[in-house]
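Have a look at the structure below before the remarks.
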Number of protein chains: 2
Amino acid sequence: MRTVKVPLGKRSYLIKIGEGLLAQLGPECGQLGLGRRCAVITDSQVGRRYAAAALKSLKAAGFDPLVVTFPAGEAQKNLRNVQACYDQLAKHRLERKSFVVALGGGVVGDLAGFVASTYLRGIPFVQVPTTLLAQVDSSVGGKVGVNLKAGKNLVGAFHQPRLVLCDLATLDSLPRREYRAGLAEVIKYGIIWDAHLFRGLEMQMHRLLRRDPALLALVVARSCEIKASVVGQDETESGLRAILNFGHTIGHAIEAVSRYGRFLHGEAISIGQVAAARLSEELMGLSTQHVTRIRSLFHAAGLPVRLNASPALQRRLLDAMRLDKKVSGGVIQFVLARKIGSVEHGCQVPAAALKRALSELNR
Amino acid sequence: MRTVKVPLGKRSYLIKIGEGLLAQLGPECGQLGLGRRCAVITDSQVGRRYAAAALKSLKAAGFDPLVVTFPAGEAQKNLRNVQACYDQLAKHRLERKSFVVALGGGVVGDLAGFVASTYLRGIPFVQVPTTLLAQVDSSVGGKVGVNLKAGKNLVGAFHQPRLVLCDLATLDSLPRREYRAGLAEVIKYGIIWDAHLFRGLEMQMHRLLRRDPALLALVVARSCEIKASVVGQDETESGLRAILNFGHTIGHAIEAVSRYGRFLHGEAISIGQVAAARLSEELMGLSTQHVTRIRSLFHAAGLPVRLNASPALQRRLLDAMRLDKKVSGGVIQFVLARKIGSVEHGCQVPAAALKRALSELNR
């Protein structure tokens, strides 16, 4: 088992990474000093596969768990399902020391975390991410929330989990498309922080696509280390943490205009990162060679790198970006790269350059 | 104008109290370093009377305000109206530096504050309380939230306002019943903190009921001072702050079983405080004389001090209390008084004593 610490003073917590950790959920929660009652929030797909094991482990450790299930899919990350969770928690009489276990991918973690952040003005929660994307990104750092029709993650809170338990065995059952979507965030860490990781991914992508266990453990742990380091320096995104949004402004807009249906989050930010690399070339002097390497690595990971964006779609993408949380005074802030492994945040992008980058996605 | 500071480090803010302050809303917000766009969230009743003045002042100071109105009443403090606010804020493109103005009573402040605490993971907000209850209590301290069907304030957050602007002139138009409901919290400050205030209220209740402006200014400021002092020592209710809940456990249950329709909050906690005084007599040695003075002062303020509680209703009240946020390990925690001006929190109350106190409310 590998352990990564997220250093946040009194709110510090551990990320534990290993094979078969789901069976340890009960004993692990037992070390956190929480109340007996808890709610395992999951979705219909993950619940079918893993809820029984989670329940068994929690019960064996003396907890009194309830399972709350909502339908799978990004479109379900809405306030209607939040309300349904609240009602179940109240019915099961969860109290301030009770806790929530988020069992599933990013959608489950974000929604269940938001429920935990607001039920009784905040109760503890534990993340048990079961997708690669959730293990390397969304389960760490305390950003929780849901979507509005107007945009992704427009409602939310900062609420740190008390523990993140990454069971690598749950990745075995992940559909190939979802696994690859998770790689989009792994590649991102290489671009924003660690040229060595990026180079390693270029060389070992075939092994990673085969889900080689030893390599996977290494890659998940390194990704969590980078995220923990960034979050530890800037918990609430007053500065540095913004670099984690590389490719996300355009990516979120792609998700919003397609109503969260066509693309997985990882696929949308793959396209978004390719566009951000092109913007970086124009505005920050990122070398053409690095732009090509970035595009090639996403392609090698089986991720989309282009978008058939008609002029009408491009206009809708621009409109959606203006609603992005990172907008300030009407100006959209971008994260752009100087080279692989080094980015800057708070970059202002002229509208014309942005339009060019979007239209170039057609190629 | 009187000014009270709520001392919370970087989150410190001022409460300003005076006649005609609503006209100063724009200039006052202008001093806070916020963005141009803002949303005045109000209810149908308060909006009709005061939204125009708020808008005028904000526009004159260079802001770009939107008004969001929802129907008046405690039953409206729900997630459906929260969702409607989010949708309006997104449509008006409020950004992270944009802000919310909560213009109204406790329901508006709690709901608008919750919207501000979660929209884009939290944006600034300003409280403009227009009822006595909101001015002396709910607008100060950062507790925001909404009700579930299962209970009051079961969903929420801690989110401190950037400024509280108490325009005493808005109290002139307050219906008599609502004004009196606010006095229930004022009397509470006397019981939990300040025997001198309690004595003053006993002697001057007739003047206070006439809404004597000089006395009212004094009473609002003293109430805010006490609340600021308590909140400054314990922002998130890990201890001391619980004393503000004197009479509230029973009061909230009364509101819940009557579905927030029959009693105003102040009326419910008037009954709740009388019951808590009786419990204090049995369990903490509060003198019979002090119990009588407490009951008499609520009565003199025109507030209800009894409840026709059938055995069936008493059972429902007990059930509702078990859902209270202050329950821990199934044990209900009470705030009880040793004497007027001095209380203790975290008191465990035997079920039999609680049942006796409830049945005595029939007298």
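Structural remarks
- Descending semi-axes in Å of region B:211-363, equivalent ellipsoid built from Cα gyration tensor: 24, 19, 16
- In whole angstrom, chain A maps to an equivalent ellipsoid with semi-axes of 34, 22, 18, each derived as √(5λ) from the alpha carbon gyration tensor and ordered largest first.
- Between helix A:106-118 and chain A there is an angle of about 60 degrees, using the helix long axis and the longest principal axis of the Cα atoms.
- Cβ-Cβ FRET estimate between A:ARG80 and A:LEU313, R0 fixed at 30 Å, reported to 0.05: 0.60
- Contact order relative to length of region B:53-123, as percent, for alpha carbon pairs under 8 angstrom and 6 or more apart: 29 percent
- Size descriptors for region A:1-98: radius of gyration and Dmax over Cα atoms are 14.7, 38 Å.
- Highest-fluctuation residue, A:ALA184, A:ALA60, A:ALA320 considered, GNM on chain A with Cα pairs under 10 Å: A:ALA60
- Between identical copies, the spacing of B:HIS206 label points, each set 7 Å from Cα toward the C-beta atom, reads 9.8 nm from nearest to farthest.
- Inter-probe distance in nm under a simple model that places probes 7 Å from Cα toward Cβ, at A:ARG11 and B:ASP87: 3.1 nm
- Fraction of the pair-distance distribution of region B:1-51 above 19 Å, Cα-Cα pairs, percent: 44 percent
- Rounded to the nearest 20 debye, the dipole magnitude of chain A is 380 debye, with +1 charges on Lys and Arg beta carbons, -1 on Asp and Glu beta carbons, and the Cα centre as origin.
- Among the trypsin sites (Lys or Arg not before Pro) found in region B:167-234, those both in a DSSP coil and sparsely packed, with 16 or fewer other Cβ atoms within 10 Å of their Cβ, are B:ARG210, B:ARG211.
- Nearest-ten-degree value, helix B:311-322 long axis tilted from longest Cα axis of chain B: 50 degrees
- Each copy carries a label point for A:THR288 at 7 Å from Cα toward Cβ; from one copy, the others' points are 9.8 nm away, ordered from shortest.
- From helices alone, the protein assembly as shown scores -14000 deg cm²/dmol at 222 nm; the rule is -39500 (n - 2.57) for each run of n ≥ 4 DSSP H residues, then divide by the residue total.
- Principal-axis analysis of the Cα atoms of chain B puts helix B:79-91 at an angle of about 10° to the longest axis.
- Charges were assigned to the Cβ only: +1 to each Lys and Arg, -1 to each Asp and Glu. The resulting dipole of the protein assembly as shown about its Cα centre is roughly 640 debye.
- Sorted by Cβ neighbour density within 10 Å, fewest at the top, the residues A:VAL331, A:VAL126: A:VAL331, A:VAL126
- Between A:MET1 and A:ALA353, the contour length at 0.36 nm per residue exceeds the alpha carbon distance by 122.1 nm.
- Bridges between two residues of the protein assembly as shown, per DSSP, are antiparallel at a rate of about 40%.
- Extreme residue, positive dipole direction of the protein assembly as shown, given options B:PRO161, B:ALA221, A:LEU148 (C-beta unit charges): A:LEU148
- Average partner coverage of A:120-130, which counts Cβ from other chains inside 10 Å: 3
- Taking region B:161-185 and a reference point 7 angstrom along Cα→Cβ of B:ALA214, the backbone N atoms nearer than 18 Å belong to B:168-169.
- Taken along its principal axes, the alpha carbon cloud of the protein assembly as shown reaches lengths of 84, 63, 36 Å, longest axis first.
- Selected from B:GLY18, B:GLY62, B:GLY122 as most flexible by GNM, with chain B as the system and alpha-carbon contacts under 10 Å: B:GLY62
- Per-residue extension of 0.36 nm, minus the Cα-Cα distance of A:HIS196 and A:SER296, leaves a gain of 34.4 nm for this segment.
- Estimated distance in nm for a label pair at A:GLN31 and B:ALA150, the labels positioned 7 Å out from Cα along Cα-to-Cβ: 3.0 nm
- Positive dipole terminus of chain A, leading residue within A:THR170, A:ALA84, A:LEU307 (C-beta point charges): A:ALA84
- The slack in the chain from B:GLN204 to B:ALA169, taken as 0.36 nm per residue of separation less the alpha-carbon distance, amounts to 10.6 nm.
- Distance histogram for region A:99-237 (every C-alpha pair counted, 5 angstrom bins, percent rounded to whole numbers): 2, 10, 20, 22, 20, 14, 9, 3, 1, 0
- Shortest-first distances to equivalent copies, position B:PRO27, nm, label 7 Å out along Cβ: 6.8
Rule-based calculations on the coordinates, nothing more; no lab input. The structure displayed is predicted, hence computed values, not measured ones. Please note: Cβ atoms are built from the backbone with ideal geometry, for glycine as well, and neighbour counts cover all protein chains shown.
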